[in-house]
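Trainee: Have a look at this one before I ask anything.
The values are calculated or read from the model by the stated rules, or taken from the named source; none is laboratory data. From a predicted model like this one, the values you see are computed outputs, not experimental measurements. Every residue, glycine as well, gets a Cβ built from its backbone with ideal geometry; the counts of neighbours run over all protein chains shown. The accessibility values were calculated without ligands, DNA or RNA, using every heavy atom of the protein model including side chains. Shrake-Rupley method; radii C 1.70, N 1.55, O 1.52, S 1.80 Å.
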Amino acid sequence: QVQVVESGGGLVQAGGSLTLSCAVSGITVSSNAIAWYRQAPGKQREMVAGIYNVGNTNYADSVKGRFTISRDNAKNRVYLQMNSLKPEDTAVYYCYATISRTWGQGTQVTVSS
């Protein structure tokens with residue numbers, strides 16, 4: 001019933017920026033917690049950022065100050081603005097709906113040096 005679909009991944013040079021989008025259906029982003037995770041080859045999946053119904057956010061230490069999670073309630077979307085990208089940010093990025101434990105299909109982000 002709940003679906004999340006990521007988009008916006010691609011190839012970017014180190015120091016560049018990308019914005020990922022998560023289209024959510026079945027629940028409203030204004031009332032539910034949505035998180036971004038990422039997984040690099042051979043590495044564990046890790047939480048990158050989360051946003052909650054009252055609007056508060058949290059970030060992994062590795063991305064704090066560079067990434068910003070936000071939402072557009074009218075479009076029922078959650079975004080991840082990624083600035084000052086580093087090669088270590090290369091991973092598949094996943095959107096996650098916490099209440100239903102629903103994962104998106106992932107979108108590849110590759111940062112070249």
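Trainee: Among the polar types (S, T, N, Q) and either under 21 Å from SER100 (Cβ atoms) or in contact with a helix residue (DSSP H, G or I) (Cβ under 9 Å, 6 or more places away or on another chain) (or both): is that true of SER7 in this structure? Before you say what the answer is, go through the steps one by one.
Mentor: Working: among the polar types (S, T, N, Q): yes; either under 21 Å from SER100 (Cβ atoms) or in contact with a helix residue (DSSP H, G or I) (Cβ under 9 Å, 6 or more places away or on another chain) (or both): yes.
Here the answer is yes, as SER7 does meet what is asked.
Trainee: What are the residues in region 1-16 that are in a loop (DSSP other than H, G, I, E, B) and modelled with pLDDT of 95 or more, if any? Show your work before the answer.
Mentor: Quick first cut of region 1-16, residues in a loop (DSSP other than H, G, I, E, B) only: 1-2, 8-9, 14-16.
Hits for region 1-16 are VAL2, GLY8, GLY9, ALA14, GLY15, GLY16.
Trainee: Filtering region 19-57 down to residues that are of a type in the set (Gly, Ala, Ser) and buried (at least 20 other Cβ atoms within 10 Å of the Cβ), which residue is farthest from ILE99 (Cα to Cα)? Steps first, please.
Mentor: We begin by selecting, within region 19-57, every residue of a type in the set (Gly, Ala, Ser); these are 21, 23, 25-26, 30-31, 33, 35, 40, 42, 49-50, 55.
The next check asks that each one be buried (at least 20 other Cβ atoms within 10 Å of the Cβ); those that pass are 35, 49.
Details: ALA35: 11, ALA49: 16 Å.
If we take residues in region 19-57 being of a type in the set (Gly, Ala, Ser) and buried (at least 20 other Cβ atoms within 10 Å of the Cβ), then ALA49 is farthest from ILE99 (Cα to Cα).
Trainee: Filter region 63-78 for residues that are open to solvent by 50 Å² or more (accessible area, probe 1.4 Å) and within 22 Å of LEU11 (Cβ to Cβ) and give the result.
Mentor: THR68
Trainee: Among the listed residues THR98, THR102, identify the single one that is farther than 18 Å from LEU18 by Cβ and open to solvent by less than 30 Å² (accessible area, probe 1.4 Å). Let's see the steps before the verdict.
Mentor: Numbers: THR98 fails: open to solvent by less than 30 Å² (accessible area, probe 1.4 Å).
Exactly one of THR98, THR102 is farther than 18 Å from LEU18 by Cβ and open to solvent by less than 30 Å² (accessible area, probe 1.4 Å), namely THR102.
Trainee: Also, I was wondering about something else. Consider VAL92 carefully, then state whether it is assigned to a strand (DSSP E or B) and modelled with pLDDT of 95 or more.
Mentor: Values: assigned to a strand (DSSP E or B): yes; modelled with pLDDT of 95 or more: yes.
Judged against the criteria, VAL92 is a match.
Trainee: Take the conditions under 18 Å from VAL12 (Cβ atoms) and open to solvent by 30 Å² or more (accessible area, probe 1.4 Å) and apply them to GLN81. Does it pass? Talk me through it step by step, then tell me what you get.
Mentor: Working: under 18 Å from VAL12 (Cβ atoms): yes; open to solvent by 30 Å² or more (accessible area, probe 1.4 Å): yes.
Judged against the criteria, GLN81 is a match.
Trainee: Further, regarding this structure: Given the criteria farther than 13 Å from THR19 by Cα, part of a loop (DSSP other than H, G, I, E, B) and modelled with pLDDT under 95, does VAL63 qualify? So that I can check it myself, show each step before the final result.
Mentor: Details: farther than 13 Å from THR19 by Cα: yes; part of a loop (DSSP other than H, G, I, E, B): yes; modelled with pLDDT under 95: no.
Here the answer is no, as VAL63 does not meet what is asked.
Trainee: Being out of contact with any Ser or Thr (no Cβ under 6 Å at 6 or more places or on another chain), in a loop (DSSP other than H, G, I, E, B) and among the small types (Gly, Ala, Ser) is the filter; apply it to region 17-39 and report the residue that is nearest to ASN73 (Cα to Cα).
Mentor: My answer is SER30.
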